[in-house]
Amino acid sequence: MKLGTRRTLALVFVAVSAIAPISASFADTVETKLARAEDLKRVDYAEFGRLLDTLDSDSLTEAQSEELAYLRAWQTVYGGNYAAGIDQLTKLVEQAKDATVRFRSRSSLVNALGLAQRHIESFEQLNLLIEELPQQDDPVARAQALAVAAQLHYIVGQNEDSLRLSTQLLEETEIPWARCGALGIQADSGIKTGKLVAVGKDLLDAIDECTLAGEYLFAGVMRVIAAKLYLSNDLPMEAVRSLSEHETEITSTRYHHLISDMAAQLARAQLALGNLDDAKRRAQQAIDISRVGEQTEPLAQAWRVLSEVASRRGEFAEAFQALQRNAEVERAYLDEVGQRALAFQLARYRTQAQKLEIEGLNRQNDVLRLQQEVNTTAVQNARLSILLLLTVLGFAVVWALRTRKMKRHFQLLAQSDSLTGAASRPHFMNHGRQLLEKAQRSGGRAALLIMDLDFFKTVNDEHGHAVGDEMLRRAADCCRETLAPHGLFGRLGGEEFGFILPGKSADEAVDLANDCRLAVHTIQYGSSEQPSYLSASFGVTSTAEEGFDMRDLLVAADGALYEAKRKGRNRVVHRQRRRSEAWTPAAV
């Protein structure tokens, strides 16, 4: 792997140190190897592994053994064996004598638990890591902890905390991998929040900085971000060029999620250029690289590309199968995002509850100490007993009230969408299944609708996200007035909403959907002289056609919604089939 200028100079320095005079101590040679392994682990994984193997045969001090054990645990996690890596890191956190090794092990443990989807444990360890951060003065350890904290806050949507931590990281350190990680987080946050809408000098400078430093993993992440920006600005050829020229470099990172994301963006670009064979090949590459059971955004995009390629070729059965896989992966991915966000809130709640419990134990200790003093002074015994009783009762009441308030707060966060007031996706899925099971037991019926606002990206791009948020709220109000009184109303993600209507037939659901569609179409935005009107497309299905399984109903409604979009939008399409029969869309 070709290294940047700074990295090359560092390796030259290591080589010079290795051929120092014979009087240099053996311990210095071990320290040099450990330092070089730390330097190589993100830029030359194969050489990193070979260097660790040479250290296994050396005579190490206790401190050196702990550092080697940490590097071995890091290697295990990077290699994909999360369970073994978590065990190794946990042992170091609990038993290592070196405080810096313990701290760095906890940083890596946070990351490993997240990769293993043990989200609540990951966030609990993150809370402990942040508490220990002020006492840590090792620059590498601090950089690692800040990077992990910024990343985890970002993936649960805590963008302000993520940007604050990544900015602090950039201000504190000149370590290349730490800076590049922070720059990557800031670039991706820019896309998600709408602040970064085109490839500019700052992003290109960040890519050049990380490439020069030999941090190809982070440079690759930002190259994929640049490709997404090119695609959002209808520049597919630029997206192909920016990725194809650096494909070998990105592939050499051996980071499967990045490589899959690169292939998915190349598939989207080739599709936009009309190169169907290349689009299909790249999409299949993204799917093949993804690990079994992993549900990611690039995987969903790859299935969407395969569906579109098959549709353009007239292979409609294959197109529908690919679209179904896209819907399954996309919903599983959104479920995972929701679970991470809920885990973050639960971990925060547990940490606060533990602090309250510790505070209560401290108060109890204070009570016991006061009680001992009371026993030594018989005259004050009665007064102090009353005081102790009031203190304990008061704290118990305050603790109970605070705990109950926090519990209600976190339940509300988990069950409702803060922008529109609709049910959150996890709550919609759980409560929806209960409604369907109840209808099935009682011999009743139900309908399911999916609504998606038309050309909503154009609203955000041309009028800004503040107007977009207002449109979402007003559209949700229309749904609340026309549909919510009849059943469950939830936000599935972005501009997409779902409705479960117990007791309603498909025809009744179509009528209600049209009422909602007409109400949404009265919403104006833009200038008063030339106003624009919001519109929405609906996909409708019912238990009469699909049965009572939530997943089958969602896939059917999503297929009907896709048909509504394809036929021109601003319409209602009813999925008219039974599960084992062919179907045809019926526009209303």
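Set side by side, the residues Gln136, Gln125, Gln151 differ, and just one is over 26 Å from Thr296 (Cβ atoms) and surrounded by 17 or more Cβ atoms within 10 Å (Cβ to Cβ), which is Gln136. Against the conditions (1) part of a helix (DSSP H, G or I); (2) without any contact (Cβ under 8 Å) to a residue 12 or more places away in the chain, Gly443 satisfies every one except (1). Annotation: of all residues in segment 158-190 being over 16 Å from Cys210 (Cβ atoms) and touching a residue at least 24 places away in the same chain (Cβ under 8 Å), the one that is surrounded by the most Cβ atoms within 10 Å (Cβ to Cβ) is Ser162.
Taking the conditions (1) modelled with pLDDT under 90; (2) among the hydrophobic types (A, V, I, L, M, F, W, C); (3) farther than 22 Å from Leu34 by Cβ in turn, Leu55 satisfies each one other than (3).
Leu435 meets the stated requirement of being buried (at least 16 other Cβ atoms within 10 Å of the Cβ), over 26 Å from the mean Cα position of the chain (by Cα), under 25 Å from Lys504 (Cβ atoms) and in the same structural domain as Lys504 (by TED's automatic domain parsing).
What about Leu152, is it under 20 Å from Ala182 (Cα atoms) and either over 18 Å from the mean Cα position of the chain (by Cα) or not in a helix (DSSP H, G or I) (or both)? No, not satisfied. Restricting Leu183, Leu217, Leu169, Leu212 to residues that are among the aliphatic types (A, V, I, L, M), more than 25 Å from the chain's Cα centre (by Cα) and at negative phi narrows the list to Leu212. Among helices (runs of 4 or more DSSP H) entirely within segment 453-522, having at least 3 residues that are surrounded by 15 or more Cβ atoms within 10 Å (Cβ to Cβ) and in contact with a Leu (Cβ under 7 Å, 6 or more places away or on another chain) singles out 465-482, 506-520. Selection within segment 286-305: residues that are farther than 14 Å from Asn326 by Cβ and either in contact (Cβ under 8 Å) with a residue 24 or more places away in the chain or charged (D, E, K, R) (or both). The member of this set that is surrounded by the most Cβ atoms within 10 Å (Cβ to Cβ) is Ile289. Against the criterion of being in a helix (DSSP H, G or I), closer than 19 Å to Arg106 by Cα and out of contact with any helix residue (DSSP H, G or I) (no Cβ under 6 Å at 6 or more places or on another chain), Arg142 qualifies.
Could you tell me which residue of segment 251-281 is modelled with the lowest pLDDT, considering only residues that are under 19 Å from Gly79 (Cβ atoms), more than 18 Å from the chain's Cα centre (by Cα) and surrounded by 16 or more Cβ atoms within 10 Å (Cβ to Cβ)? Going through the qualifying residues, I end up with Thr253. If you check Pro134 against the conditions, is it out of contact with any helix residue (DSSP H, G or I) (no Cβ under 9 Å at 6 or more places or on another chain) and either more than 21 Å from Gly85 (Cα to Cα) or among the small types (Gly, Ala, Ser) (or both)? Judged against the criteria, Pro134 is a match. If I filter segment 300-310 for residues that are in contact with a helix residue (DSSP H, G or I) (Cβ under 9 Å, 6 or more places away or on another chain), among the basic types (Lys, Arg), part of a helix (DSSP H, G or I) and closer than 18 Å to Ala226 by Cβ, do I get at least one hit? No; the residues of segment 300-310 include none that is in contact with a helix residue (DSSP H, G or I) (Cβ under 9 Å, 6 or more places away or on another chain), among the basic types (Lys, Arg), part of a helix (DSSP H, G or I) and closer than 18 Å to Ala226 by Cβ.
Of all residues in segment 191-219, those that are over 26 Å from Glu38 (Cα atoms) and modelled with pLDDT of 85 or more have Cβ atoms under 7 Å from Cβ atoms of residues that are not hydrophobic (A, V, I, L, M, F, W, C) and not in a helix (DSSP H, G or I), 6 or more apart or on another chain, in Ala198/Asn233. Applying the condition of being outside any helix (DSSP H, G or I) and among the hydroxyl-bearing types (Ser, Thr, Tyr) to segment 47-67 and asking which residue is surrounded by the fewest Cβ atoms within 10 Å (Cβ to Cβ) yields Ser57. The listed residues are Phe548, Phe538, and the only one of them that is hydrophobic (A, V, I, L, M, F, W, C), surrounded by 24 or more Cβ atoms within 10 Å (Cβ to Cβ) and outside any helix (DSSP H, G or I) turns out to be Phe538.
The values are calculated or read from the model by the stated rules, or taken from the named source; none is laboratory data. All figures in this text were calculated on a predicted structure; none of them were measured in a lab. Neighbour counts are summed over all protein chains in view; Cβ atoms, including those assigned to glycine, are modelled from backbone coordinates with ideal geometry.
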